[in-house]
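What follows is one structure encoded as structure tokens, with my remarks underneath.
Each reported figure results from applying straightforward, stated rules to the coordinates on display, with no laboratory input. Computed from a predicted model, the values in this text were never measured in an experiment. Positions of Cβ are generated from backbone atoms using ideal geometry, with glycine treated the same way; all protein chains shown enter the neighbour counts.
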Amino acid sequence: MKDNIRGKGAVGLAMAYFSLKGLVSLPLEPHDYNLLFDDGLKIHRVKVISCSYKTKYGVYSASIRTMGGNMKKGTLKEFDPKSCEFLFIATDELTLYNIPSEKITNKRQLSLNVYSDYKVKLA
């Protein structure tokens, strides 16, 4: 199961989570966010990432910067909290985090134990 929570798998989990709370749609063109969530009052932009890296202390560390991919080789783009309202993170153990972007102070990497208040409770 661990190898399946990457890219589109994480977006699927985010879609399922947010669809329980309102309407969800996907952008038709590439953006800094991966989905839109309408809670009935406002439309929120959500950036979705997957995370499988653990530090030697067993703590998940999520990269929130973008390198390569659809960008020029060697281009680094740091996380901009103004690009979305929420950062949704899915780990390879299916632990989910929904972090308001204004709470994020780092631009490259997050230690998820710092954001335990935003861990999604499924039960």
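Points worth noting:
- Distance between modelled label sites at ASP80 and LEU23, nm, 7 Å Cα→Cβ extension: 2.7
- Virtual spin-label span in nm between ALA16 and SER61, 7 Å along Cα→Cβ: 2.9
- Calculated SAXS-style log₁₀ I(q)/I(0) at q = 0.12, 0.15, 0.21 Å⁻¹ - region 2-118, Debye, Cα scatterers: -0.41, -0.66, -1.31
- One chain, two ends: ILE43 and ASN106. Fully extended at 0.36 nm per residue, the span grows by 20.2 nm beyond their Cα-Cα distance.
- Looking at region 20-123, the chymotrypsin sites (Phe, Trp or Tyr not before Pro) that sit in a DSSP loop and have at most 10 other Cβ atoms within 10 Å of their own Cβ are TYR57.
- The charge dipole of region 2-118, taken about its Cα centre with unit charges on the Cβ of Lys, Arg, Asp and Glu (plus for the first two, minus for the last two), comes to roughly 460 debye.
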